[in-house]
Each structure stands twice: as C-alpha cells, then as structure tokens.
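Contents: one structure, followed by commentary.
Just so it is clear, none of the values below were taken in a lab; they were calculated from the coordinates. Worth saying up front: this structure is predicted, and the values here are computed from it rather than measured. With ideal geometry, Cβ positions are generated from the backbone for all residues, glycine too; neighbour counts draw on all protein chains shown.
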Amino acid sequence: MDRTERFYKIDQLLSEQKVVPFSMLEERLGVSRATVKRDLEYMRNRLHAPIVWDRDLGGYRLEQPQKGAAQYELPGLWFSPAEIHALLTMQHLLSGIDSGGLLSPHVKPLQLRLQSLLDSGDGEMTEIQKRIRILGMGGRAMILDHFAVVASALLRRKRLLISYFARGRNALTEREVSPQRLVHYRENWYLDAWCHLRNELRSFAIDGIRRTEIVDSTVKNVPESTLDAVLGSGYGIFSGKKVRWAKLKFSPERARWISSERWHPRQKTRFLDDGSYLIELPYADSRELIMDILKYGADVEVIDPKELRLEVAERHQRALEKYLDENPKRCLQEKKAPL
C-alpha cells in the first residue's frame with residue numbers, strides 16, 4: 001500500500017483499537033520499523049494528528065485535541081483510473097439488476113459497500129458519478145427475470161431448460177443446459193454452458209433466452225481450463241473447434257492508435273519498417289472479427305488467411321453494391337463531380 005493508504009490504516013487502527021502497540025502497526029502496514037516511525041511523525045507534524053505514545057498502556061492512541069489546536073484532517077483518498085473504472089462499472093452493473101429479484105439480498109450489501117468506497121474519495125458518490133462518465137457501446141436490453149433465474153441455477157449448480165432464440169439462424173429451440181459461468185462482454189451478458197442437445201459447450205446471449213425453468217438435476221461440471229480452451233481460445237465471444245490465426249496490417253496513421261490496443265490475450269504484434277503495424281491473433285469464428293476489421297476500412301489489410309481476406313473483400317463488395325442500388329442519383333452526381 002502507498003503512504004496515503006497507510007495514513008488511513010493507521011487512523012483506522014487508532015480509532016478502532018484505542019491503543020495500538022508499535023508491533024501491530026508494523027504487522028498491519030507491512031513496512032519497516034523506520035517507515036512506521038516516519039509515517040507517525042508526518043501525521044503528527046504535517047497533518048496535525050493528535051497521536052501520542054502512552055507509556056502506561058504500551059502503545060499509541062489518539063488524544064482529545066486542545067482548544068485552538070490545528071484541525072486534524074487526512075488527505076483526500078483518490079483512486080487510480082483502473083480502480084475508479086472498476087468501482088463505477090460494478091455500481092452500474094449492480095444497479096441494472098432487478099431490485100426485487102432473487103439476487104436482491106446479495107446485491108444490496110454490495111451496493112452499500114461500493115457506495116462507502118466511492119464516498120471515501122474526494123467527494124460523495126453522487127458527485128463522482130456526475131463528474132465521471134462511463135459510456136457503454138453496443139449494449140442490448142436485457143430481460144432481467146431470465147438473468148435472475150439463470151444466475152440462481154448457476155450458483156445452485158442446477159440444470160436449466162431454456163427456449164433460446166438464435167438471431168443468426170432466426171430460429172427458436174428448446175434445450176437443456178448445465179450452466180458453467182456468466183460472462184459480461186461488450187456491455188452484454190452471456191452464459192457459458194454445456195448444451196445437452198448439441199452435447200458440447202456453447203455460449204448463450206442472456207437476452208436471447210425467451211423462457212427459463214430450473215431442472216432439479218445435477219449439472220455436468222466442466223473444468224475452467226476446458227472452458228477457456230473451447231470458449232476463450234478464439235476471437236471475441238464466438239467459439240469454434242478449429243482455431244486459425246489472422247494477420248492484419250494497419251496503416252502507419254492508424255498504427256498510432258492500434259498499437260496501444262489489445263485485441264486478444266495471445267496476440268503477436270510488431271511495427272514494420274514503413275510504420276505500419278502488424279497484429280496476429282487467433283480466431284475460431286470470423287463473424288465478430290470481420291465486423292471489427294470493417295470498422296477501419298482502407299486503414300487495415302488482411303494478409304492471412306486467404307479465406308478471411310476473401311470474406312472481408314466480399315463484405316466490402318456487398319456494401320458497395322447496396323449503396324449503389326439505394327443511392328443511384330447521388331452516385332451519379334458524385335461520379336460527375338470534379339476531383
């Protein structure tokens with residue numbers, strides 16, 4: 001812990017224990033004897049903390065400040081960018097769960113704890129939320145009743161009978177699944193589960209579940225290493241048995257942004273002599289990868305594999321043909337306009 005955190009820990013110990021031996025300060029702070037002495041001296045001399053050594057009780061304690069003495073106040077405790085993002089994201093996720101659902105007794109204490117953490121910073125939680133915004137893109141409306149039932153079955157280790165609407169195939173199927181874990185990805189919730197209909201691991205979008213029923217039978221448990229190997233080996237949320245490697249080259253202009261991004265935990269990257277940026281990453285299903293590639297237009301080139309390169313080219317061609325069909329007059333005007 002850093003020095004400011006140690007100040008808060010010392011203050012907490014003195015407030016709770018009344019008398020704190022020096023050995024306890026060393027143990028709880030996890031620092032050297034000299035560091036503890038420097039911290040105490042700084043708190044007394046700079047922060048005006050009324051800390052005194054009580055010889056009779058054998059420890060440090062807080063005494064009542066004398067009238068007219070300088071006010072004792074700890075410095076504001078702030079969070080790092082990662083910490084404030086994590087806390088506000090957790091608060092956002094928890095607030096989205098139905099307050100009257102099955103998870104309510106567990107969610108409320110978490111919300112109160114998060115509020116106390118945020119309130120310990122420079123300002124109360126309401127002020128922090130007003131001044132700091134976390135924008136989520138691509139989130140879909142979630143059916144909260146199904147989320148509660150899914151989470152309940154997952155934690156109770158029970159099977160689920162679900163009606164699932166697969167958007168890609170525009171089909172509704174009934175299937176029994178053994179829930180393994182919930183995944184929050186790109187502002188949406190997914191359930192990793194063993195599908196007893198297909199007899200394999202599958203990932204189901206929670207908002208694609210139309211009906212849920214808990215089945216009173218033991219789930220099939222899948223090791224976490226297997227879950228990661230099957231559902232986490234490729235790119236994005238889509239899984240697949242055959243993992244291939246994509247090689248993408250970004251223009252020197254776009255490289256300034258892409259070089260600081262992580263597309264996949266196993267990605268391989270390097271700058272080329274002309275300033276362009278090369279990313280190699282695994283994928284099992286090309287759908288999500290193609291969507292991300294298309295966002296960058298002419299700033300990205302698919303080097304390998306050939307199948308992915310052709311798929312991206314076909315998507316570009318279809319988009320161009322659709323634009324020409326839907327905007328014939330505008331296309332004619334653009335063609336006649338001088339360069």
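Before moving on, here are some points about what is shown:
- Unsatisfied cross-links (Cα-Cα over 26 Å) in the set 247/295; 268/322; 220/247: 268/322; 220/247
- Whole-angstrom gap from the stretch 140-200 to the stretch 277-302, using each part's C-alpha centre: 28
- Residue order, fewest to most surrounding Cβ atoms within 10 angstrom, among 158, 295: 295, 158
- Amide H contacts under 5 Å for residue 54, placed H, 5+ residues apart: 59, 60, 61
- Built amide H within the under 5 Å cut-off of residue 180, gap 5+: 192, 193, 194
- Built amide H within the under 5 Å cut-off of residue 246, gap 5+: 281, 283
- The chymotrypsin sites (Phe, Trp or Tyr not before Pro) found in the stretch 201-310 that occupy coil by DSSP, while having at most 16 further C-beta atoms within 10 Å, are 238, 296.
- Integer Hz, Karplus 6.51/-1.76/1.60 couplings in order for the stretch 266-276, x for Gly and Pro: 9, 5, 10, 9, 6, 8, 9, 4, 7, x, 6
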